[in-house]
Structure formats: C-alpha cells, structure tokens
Amino acid sequence: MGGPHGRSLHVAGTSVVHRLPAHVKVVALLVFVGAVVATPREAFWAYGLHAVGLLTAIVISTVPFRVLLPRLVIELPFVVFALLMPFVAMGPQTQVGPLSLSVAGLWGAWALLAKGTLGALASLLLAATTSATDLVGGLARLRLPRRLVEILAFMIRYLDVVTGELRRMRIARESRGFAGRSLAAWPVVAGSAGALFIRSFERGERVHLAMLSRRYTGELHLGAGPSAPEVAWVRALALPTVAALVAAVAISMGVWA
C-alpha cells in the first residue's frame, strides 16, 4: 500500500497520540463518540467537559488547529439540516425575536450540532495522527470482516489514481472551451462520469488479472502488526473513560431530576 494515498489527511508527527497503535485509537474514538452520543442534550456542562477533553487531546497531538478546523466543513450538510430544524419541527413554539421557532427543533438542532461537531473533530484527529496504511492494519487487527477491510485498502490505494483521472478529464474539457456554468452542461458532465466509471472498471479488471498472474489467492497481507502494550491502552482510553463517566453522571442527574 505504498504511494501518496491518504497523505492529504495525515499530519506527520512524533507525539504520544501519533505513536499509539491504530487499533487502539479506533477503539478510543468509538468509546468517546458513544459517550458523546449518550450524553443528554440538556446537560450543557457535560458537552463543555467533552470539548475540553478533546481540545486537550488535540494539543497533546501537536496537530495545528488551523489544519483541523477547515476540515470541519465535512459536517456542513448537518449544520444546514440543524439550522432548518427549528423551522420545520412540530410541537410547541417559542418566540425568538421576530421568528416563531419549534422548541423541539431548537433542542434537536443543538444536540445535532454539539454531538456532530465533537464526533467529527475526534474523527479528524484520528485521521490526522494515523496514516491510511496503519488505519487499515488497525481495522484488520480489530478483526473487522476481512473483505470489507480489503475493499477499504483498495479504495485508499487507488483513490489518488481515480481523482487524478478525473482531474485530467476536467483539464481536457476546459481546454476545449467547456465552462459548465448552466444546466445545458449537465449531459457533458454525466458523460464524463460514465466514462470515468468505465475506465475505473477496466482498470480494476487489469489490476485483478495482474494480481492473479502474481499468484494472488484471495487473501491480502494487511499488516495488522503486533498487539498493543497495556500502557498504550491506558493512554488512549484516558479521555474516552472520562467522557463515559461524564455521560453516566449526566444521565443519572437526568433520571433523578
């Protein structure tokens, strides 16, 4: 799995977070996200503690905030949906200035933004401190379905190849005067998408034949690596454990309120 694939997200470093085994970080991410999702939306203080803990992990990782924050654009669709919820949700209404907004919609928007932002930022931290090759090996170490891991490995391996092909097709169109600023250009774009699919399919066939000629038996060596020491688990699960305790306290306070 050599090559430049996955480098656009990975930020090289030697911090404690970078040195943690990939499968340990994946487990830590799942526990942290689970704790955030389980936290009641009314517990504002709990989300504040989650944010402080995550920011602390980012500082320890030495990944610059100027790198992570622009990547949060990935949650833009959820932000748009959250902004629409107070206007489309049913139930009791409250007056916010000249606007009449749904109370349930406001709560839902807050929960979606808070949980989505924390989850996305934690995932981006994992991607920034873990190379694509190590991540695939970590998933294999966690014994995820092997075929799914192999598909992911091939996707990462050939992502740059497909995007490079797409870039060359775009340059070729523009060199022939294609602008694509109106609905009339959609058939051309659709034709390009179809051509890209056919080229990718044909490339996959050639790669498969090349693998068979090299005695491919249906199993890939994914480099799962050795097991992680106990100290690595302790370091990685420190933040998720605190987040789980905060979520448990918030839930218990809601139950007894």
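Miscellaneous remarks
- In the chain, the portion of solvent-accessible area held by carbon and sulfur atoms comes to 70 percent [1.4 Å probe, whole percent, DNA, RNA and ligands not counted].
- Along each principal axis, Cα extent of region 33-134, largest first, Å: 49, 25, 23
- Heavy-atom surface of the chain, accessible at 1.4 Å and reported per residue (Å²): 62
- Multiplying each eigenvalue of the alpha-carbon gyration tensor of region 42-84 by 5 and taking the square root yields semi-axes of 22, 18, 5 Å, largest first, rounded to whole angstroms.
- In a fully extended conformation the segment linking A104 and R170 would gain 19.3 nm over its present Cα-Cα distance, using 0.36 nm per residue.
- Compared with the rule-of-thumb size 2.2 N^0.38 Å for a compact globular protein, the chain has a Cα radius of gyration ratio of 1.26.
- Between region 144-216 and region 64-121, the Cα center-to-center distance that results, in Å: 35
- Each label was represented as a point 7 Å from its Cα along the Cα-to-Cβ direction; for A195 and F65 these points are 4.6 nm apart.
- Counting only whole DSSP H helices of the chain, the ones at least 15 Å long by C-alpha along their axis and with mean Kyte-Doolittle hydropathy no lower than -1.0 are 22-38, 44-61, 76-88, 103-129, 146-175, 186-213, 238-256.
- Highest-fluctuation residue, V63, V234, V149 considered, GNM on the chain with Cα pairs under 10 Å: V234
- For region 15-64, projected area of the alpha-carbon convex hull averaged over all directions, nm²: 3.7
- Over all directions, the projected convex hull of the C-alpha atoms in region 126-239 averages 11.2 nm² in area.
- Over region 101-146, the hull volume per residue, using the convex hull of the C-alpha atoms, is 96 Å³.
The values are calculated or read from the model by the stated rules, or taken from the named source; none is laboratory data. Computed from a prediction, not measured in an experiment: that's the story for all the values here. Every residue, glycine as well, gets a Cβ built from its backbone with ideal geometry; the counts of neighbours run over all protein chains shown. Side chains are part of the model used for accessible areas, which takes the heavy atoms of the whole protein and leaves out ligands, DNA and RNA. Shrake-Rupley method; radii C 1.70, N 1.55, O 1.52, S 1.80 Å.
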